[in-house]
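A quick write-up on the structure given underneath.
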Amino acid sequence: PVKTPDEVPAAVSRRSHLTTSVTAPVAAAVGAKGLVAVAQDLAARRAGDVVVLDRVTRHVNDLFAEDEVLATAASFSILTRIKSAWSANEKLTAKGLDHVNSLRDIAGVRVVVDEGPQLIDEEAGYALCYRVLRRLATSPYVREVTDLKDYVRAPKPNGYRSLHATIVPTSSRLPRFEIQVRTRAMDNVAIHGSAAHRAYKLASAGRVADVV
């Protein structure tokens, strides 16, 4: 069974303590406005963030093992992160908000699906991305999916493609989190840019790219 925030390992509690006892004093020392309070707020909710990220990681692993469509992917990877006090404070300031719980992406998950030999068929990769999000949305662990942003069908001007959404767990004790789902090709563009993506596509087709 998945641990509730009251049942998290001692190591998680120690990390929360370190966030308060180390990060907050350092923030105060450099005089960052509001950073001390943000660090303390993050520490207070860290146990829940750790639990929800662990839970969704295991659930996505199960989906790829059980779902016959997702099983066609060559491989997949799951990355998780919790915003730092610095990053959260900047976003709160930019949005004019006053508490970390107002942000939907303190905890985040990125699922990257490798289309493998189907790389040239972009539609196959798109279908895998939508499948991941659809299966999560119908999970008994998920109450609702909100803030959907489909950059797969409507990419950003710089070529960035990905599915973004906020997932609200069924358990009211667990925090909402942001999920991003993209293919390996999309991830390559997001990290390295369109030129590197062209090299990646040519390499997958057995050709050498003349990218400078």
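The values are calculated or read from the model by the stated rules, or taken from the named source; none is laboratory data. Here the structure is a predicted model, which means the values were calculated and not measured. Here the Cβ is made from the backbone with ideal geometry for all residues, glycine too, and neighbour counts use every protein chain on show. Note: areas computed on protein heavy atoms with side chains; ligands, DNA, RNA excluded. Shrake-Rupley method; radii C 1.70, N 1.55, O 1.52, S 1.80 Å.
Numbers for the structure displayed
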| item | result |
| --- | --- |
| Qualifying positions in segment 71-87 - of a type in the set (A, V, I, L, M, F, W, C) and surrounded by fewer than 12 Cβ atoms within 10 Å (Cβ to Cβ) | Ala71 |
| Those residues of segment 137-151 which are open to solvent by 50 Å² or more (accessible area, probe 1.4 Å) and closer than 19 Å to Val50 by Cα, in sequence order | Tyr141, Arg143 |
| Close pairs (6 angstrom Cβ cut-off, 6 or more residues apart or separate chains): within 21 Å of Ile167 (Cβ to Cβ) in segment 31-60, aromatic (Phe, Trp, Tyr) anywhere | Val52/Phe177 |
| Filter result for the condition that a residue is more than 15 Å from the chain's Cα centre (by Cα), at negative phi and surrounded by 14 or more Cβ atoms within 10 Å (Cβ to Cβ), over Ala124, Ala165, Ala154 | Ala124 |
| Filter pass, Val100 being over 23 Å from Leu42 (Cα atoms) and open to solvent by less than 10 Å² (accessible area, probe 1.4 Å) | no |
| Options Leu97, Leu103, Leu128, Leu79; residue that is touching a residue at least 40 places away in the same chain (Cβ under 8 Å) and not charged (D, E, K, R) | Leu128 |
| Exclusive hit being open to solvent by 40 Å² or more (accessible area, probe 1.4 Å), assigned to a loop (DSSP other than H, G, I, E, B) and more than 24 Å from Ser172 (Cα to Cα), set Glu90, Glu68 | Glu68 |
